[in-house]
Each structure stands twice: as structure tokens, then as C-alpha cells.
Amino acid sequence: FIGAALSAWQARRFAIVTERGPRISDSQRLALAFSGGFIAACGAKLAKGCTSGQALTGSSILNAGSLVFLVAVFVAGFGLAYLVRKEWL
């Protein structure tokens, strides 16, 4: 991180920006990002673990439940992306 920040600063390309679509404001984007992070943290606490650990560790030992979970995460992610795509176009 420090090397990348130093390089960007030296090349005069260092900027702090909020990536967002044209139909959403910076404050709405940040509120959605923090809300999503909070929901993910609550889910990880409730499940006593995180989704990446479930997917990576369980899949590496070919645990059927973890493989089903991994597929479900990707299907849900693509489905949600399809529903909210208008926010980024």
C-alpha cells in the first residue's frame, strides 16, 4: 500500500475518489458500502466464521456443503448485480 501510494504521489496521480455510477451520489454510495459491510460482519459473527473461509477452506477439502454454498454465493451475486445494474449505467 505504501509503495503504491508513494508511486502514485510521485507520478502526480494520487487522488481519493469514490467509484460510483452516474445515478447515485457519493454519500449514497458510501452509505450503501458501509451498510453492506455491516450486514456482512453481522452475518460472519452469527455464523461464527466468514464466507471466504467457508468457501476456500471447505472447498479445498471438497466439502459438499461448502461447494453448494460457493455456488449459491456466486448465483446470488450475479442475480443481485443484474437487479442493481441500472445504478452503474
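Descriptive notes on the structure:
- Candidate values (1) -0.74, -1.30; (2) -0.71, -1.12; (3) -0.97, -1.10, label of the one derived for log10 I(q)/I(0) by the Debye sum over Cα atoms at q = 0.17, 0.24 Å⁻¹: (3)
- Computed over the chain, relative contact order equals 33 percent, with contacts defined as Cα pairs under 8 Å that lie 6+ residues apart.
- Taking only protein heavy atoms and a 1.4 Å probe, the accessible area of region 15-89 is 72% carbon and sulfur.
- Under the convention that each Lys and Arg Cβ holds +1 and each Asp and Glu Cβ holds -1, the size of the dipole of the chain around its Cα centre is about 160 debye.
- Computed from the C-beta positions of Asp26 and Thr57 and an R0 of 35 Å, the FRET efficiency is 0.45 to the nearest 0.05.
- Across the chain, the longest run free of exposed loop sites, meaning trypsin sites (Lys or Arg not before Pro) lying outside DSSP classes H, G, I, E and B with no more than 14 other Cβ atoms within 10 Å, spans 49-89.
- Computed from phi, the 3J(HN,Hα) profile of region 75-83 under the Karplus parametrisation 6.51, -1.76, 1.60 (θ = phi - 60°) reads 5, 5, x, 5, x, 5, 4, 5, 6 Hz, with x in place of Gly and Pro.
- Between helix 26-47 and the chain there is an angle of about 30 degrees, using the helix long axis and the longest principal axis of the Cα atoms.
- The string of couplings for region 48-54 from the Karplus curve (6.51, -1.76, 1.60, θ = phi - 60°) is 6, x, 10, 5, 5, x, 4 Hz, one whole number per residue in order, with x for Gly and Pro.
- Computed [θ] at 222 nm, deg cm²/dmol, the chain (DSSP H ≥ 4; -39,500 (n - 2.57); rounded to nearest 500): -23000 deg cm²/dmol
The values are calculated or read from the model by the stated rules, or taken from the named source; none is laboratory data. Only a predicted model underlies this, so the values are computations on that prediction, with no experimental measurement involved. A quick note on method: Cβ atoms are made from the backbone with ideal geometry, for glycine too, and the neighbour counts reach across all protein chains shown. Just so you know, the surface numbers come from the protein's heavy atoms only, side chains and all, with ligands and any DNA or RNA stripped out. Shrake-Rupley method; radii C 1.70, N 1.55, O 1.52, S 1.80 Å.
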